[in-house]
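The structure appears right after this line, and notes come after that.
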Amino acid sequence: MISVFDILKYYYCPREFYLLKVLKAPFRAKTKMVYGKVQQEKEEERRLIRNFFGEELKDIQFGVYLEDLDLGLTGIVDALLFLNNGDIVPLEMKYTDFTDLNLQKKKQIYAYAKLIETSFRKSVNYGYILFIKQRRIKKIPVTADDKLFIINDVTKLKKILEEEKIPPYTHSRKCNYCEVKRFCGRPGI
Ligand code: SF4
């Protein structure tokens, strides 16, 4: 099975994905990630979400496990939002200083949109990222192509696992923040 976390890691660095998934490199979460985990269901986040959506919001469920067995994809979404217009959409919480919307962050939303569609048999065309520190929510559109590319991503990641061929190094700027750099073998890090 491929997880949404695997896709997230692959889009950070394919080699990191490989080290974690195939070689089982010990993963050491950064302080802010640990902080994020323990804070996840606290009232502050719930209040931020309720303030932002107001009357639009019917219900929130935190930490929901989703799976698509046919595709071979699983994930635990930070929050599922049930809106009064009938939409069910994913929301991911970020505890970072950086609020840029890179492909890595968007891919998480695309993957959860795909999983929600399978689980609830409803079309999902957007999701949200909540930047906790900045108290900002950004809406992420999700197109049919975005969801199609998630299917391609899962196929690609499965192939890497089957072939057991370690991917090349990524852009060195990312290595400074990499959780498994001790196991990478990249010279000079
Ligand atoms: S140290 Fe750099 S090249 Fe190696 S896995 Fe981490 S991000 Fe990728």
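The values are calculated or read from the model by the stated rules, or taken from the named source; none is laboratory data. Worth saying up front: this structure is predicted, and the values here are computed from it rather than measured. Positions of Cβ are generated from backbone atoms using ideal geometry, with glycine treated the same way; all protein chains shown enter the neighbour counts.
Brief remarks on what is shown
- Extreme residue, farthest from the ligand (Cβ to nearest atom), among residues of region 4-19 that are of a type outside the set (Phe, Trp, Tyr), in contact with a helix residue (DSSP H, G or I) (Cβ under 9 Å, 6 or more places away or on another chain) and assigned to a helix (DSSP H, G or I): 4
- Residues that are farther than 23 Å from residue 49 by Cβ and exposed (fewer than 14 other Cβ atoms within 10 Å of the Cβ) within region 122-147 comprise 143, 144, 145, listed in sequence order.
- Test for residue 131: is it under 15 Å from residue 105 (Cα atoms), modelled with pLDDT under 95, more than 9 Å from the ligand (Cβ to nearest atom) and of a type outside the set (Ser, Thr, Tyr): yes
- Residues in region 163-184 that are more than 22 Å from residue 101 (Cβ to Cβ) and exposed (fewer than 12 other Cβ atoms within 10 Å of the Cβ): 163, 164, 165, 168, 172.
- Annotation note: of 150, 189, 160, the sole residue that is surrounded by fewer than 14 Cβ atoms within 10 Å (Cβ to Cβ), among the aliphatic types (A, V, I, L, M) and either in a helix (DSSP H, G or I) or near the ligand (Cβ under 9 Å from one of its atoms) (or both) is 189.
- Yes/no for residue 166 being away from the ligand (no atom under 16 Å from the Cβ) and either more than 21 Å from residue 21 (Cβ to Cβ) or out of contact with any Pro (no Cβ under 6 Å at 6 or more places or on another chain) (or both): no
- Single residue of region 94-121 satisfying the filter (assigned to a helix (DSSP H, G or I) and of a type in the set (Val, Ile, Thr)) that is surrounded by the most Cβ atoms within 10 Å (Cβ to Cβ): 109
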